[in-house]
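The values are calculated or read from the model by the stated rules, or taken from the named source; none is laboratory data. A quick note: this is a predicted structure, and the numbers were derived from the prediction, not measured. Glycine gets a Cβ as well: all are built from the backbone with ideal geometry, and neighbour counts include every protein chain shown. Surface areas here come from the heavy atoms of the whole protein model, side chains and all, with no ligands, DNA or RNA. Shrake-Rupley method; radii C 1.70, N 1.55, O 1.52, S 1.80 Å.
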Amino acid sequence: MSDLLQATDLRRHYRVRTGQGLFAPKAVLRAVDGVSLALRPGRTLGLVGESGCGKSTTGKLVLGLVPPTSGTVHYRGQTLPPVGTPAWRGLRRHIQMVYQDPLGALDRRLPIGTQIEEPLVIHAKAAGAAERRDRALATMESVGLQRHQYERYPHELSGGQRQRVVLARALMTEPDLLVCDEPISALDVSIQAQVVNLLLDLQDRLGMAYLFISHDLKVVRQVSHDVAVMYLGRIVEQGEAESLFAAPAHPYTRALVAAIPAVDFGGGSKRERMLLQGDPPNPVNVPSGCAFHTRCPFATAQCRAEAPTLQPLARGRMVACHRVHEPALQVAA
Ligand code: SF4
């Protein structure tokens, strides 16, 4: 099956001031630094990592909302056109975004029905008001909203209902791909499972692919077919979700997985105790060599001097770690 979306060697660097004042020296912040991803139709790729690791910027690069410093994004084999151009708008209706904060994503002054219909107006996909309304009502029902809520305003709905409105609006253009950026983290815990189940159900019914960006590995494990783990702008491990969670190989992934609240990881895997020490380093001052060496219990002189690149491990797993083949770090992938 060919890829729906392919991102190759994406980089997004910013020049930022390192102190206060107009004359403070500038440095380069490497928000995304050489990320390659592939997403197949109907599949979910989970993108995980601590906050500030560049996963949200990667989502925006994939949508074309942020232009890359370098690298390419191909959608169905076609290069993503420059943002704002007619070609970008035409392609953009196939790739929609679901944000973390549904209230912030909606206009408080407009009834939700009007907002759900909006993509049809923008992309001229429906002939008249009656057709737009019919399609909005049908889509509302498909995401678990009631028809009478068509006239309601965002503040009259619960957080979970507002996220359903955002989803309904995204579905109006019949996208192939949803980029979901922390789609449940702003919701009450009691509502989170409902929205996750809705996403799974929609994927089943409509065959959409998801790029699911989250710091919550428990949820990522539940929804993802494949997973990519980011640390300070780079992917340090990626592979098939089930085997990655059962046997994480990179020391960073192992620490993240060890921190997931107790769940059955299946496959007879043993949970190891590996605590993640300290906070991630300042992204404008990334450590030399392997960026994870300041927190890694296995770091050596080579790790401090040379940056590892992603290397194949087994069964499609890719890992960026100098020592991953050594017995001390070996896991059955
Ligand atoms: Fe740890 Fe070295 Fe591997 Fe980096 S390359 S994760 S520092 S063992």
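Note on exposure: 218, 55, 60 ranked by accessible area (1.4 Å probe, complete protein assembly) read 218, 60, 55, with the most exposed listed first.
What number results when the radius of gyration of the chain, computed over Cα atoms, is divided by 2.2 N^0.38 Å? With N residues counted in the chain, Rg over 2.2 N^0.38 Å equals 1.05. Between amide H atoms placed 1.01 Å from N, distances below 5 Å from residue 98 occur with 179, 180, 181, all of them 5 or more places distant or on a separate chain. Protein heavy-atom accessible surface, 1.4 Å probe, per residue over the range 1-157: 51 Å². Computed from phi, the 3J(HN,Hα) profile of the range 306-316 under the Karplus parametrisation 6.51, -1.76, 1.60 (θ = phi - 60°) reads 10, 7, x, 10, 5, 10, x, 10, 6, 6, x Hz, with x in place of Gly and Pro. Axis angle, to the nearest 10 degrees, between helix 159-171 and the longest C-alpha principal axis of the chain: 80 degrees.
Only DSSP H runs of four or more residues enter the estimate; each adds -39500 (n - 2.57), and after division by the residues of the chain the mean residue ellipticity at 222 nm equals -8500 deg cm²/dmol. Note on residue 189: accessible area approximately 120 square angstrom, rounded to 10, probe 1.4 Å, nucleic acids and ligands left out. Within the full protein context, the accessible area of residue 99 is estimated at about 90 Å² for a probe radius of 1.4 Å.
Distance from the C-alpha centroid of the range 94-136 to that of the range 277-313: 44 Å, rounded to the whole angstrom. Accessible surface area normalised per residue over the range 184-232 is 40 Å², counting heavy atoms of protein chains with a 1.4 Å rolling probe.
Please give the solvent-accessible surface of residue 250 in Å², to the nearest 10, using a probe radius of 1.4 Å with every protein chain present. Here the accessible area works out near 0 Å². A simple spin-label model places pseudo-atoms 7 Å from Cα toward Cβ; at residue 148 and residue 131 they are separated by 3.1 nm.
Stretching the chain fully between residue 28 and residue 14 yields a gain of 4.5 nm (0.36 nm per residue, less the alpha carbon separation). Ignoring ligands, DNA and RNA, what percent of the accessible area of the chain is carbon or sulfur (1.4 Å)? The computed percentage sits at 50. If both residues of a DSSP beta bridge must be in the range 164-263, then about 55% of such bridges are antiparallel.
For the pair residue 302 and residue 118, what calculated FRET efficiency results from E = 1/(1 + (r/R0)^6), where r is the Cβ-Cβ distance and R0 = 35 Å, to the nearest 0.05? FRET efficiency, residue 118 to residue 302: 0.05. For helix 189-206, report the angle its Cα long axis makes with the longest principal axis of the Cα atoms of the chain; keep it between 0 and 90° and round to the nearest 10°. Compared with the principal axis, the helix lies near 80 degrees. Note on surface exposure: 292, 23 rank 23, 292 by accessible area, highest first, 1.4 Å probe. Taking one quarter of the surface of the C-alpha convex hull of the range 8-98 gives a mean projected area of 7.4 nm². Ranked by solvent-accessible area (1.4 Å probe, protein heavy atoms only, all chains present), the residues 318, 172 order from largest to smallest as 318, 172. Between 0 and 90 degrees, rounded to the nearest ten: what's the tilt of helix 112-122 against the longest Cα principal axis of the chain? So the helix axis and the longest Cα principal axis differ by about 80 degrees. Taken one residue at a time, the phi angles of the range 318-323 give Karplus couplings (6.51, -1.76, 1.60, θ = phi - 60°) of 10, 9, 9, 7, 4, 9 Hz. Gly and Pro are set to x.
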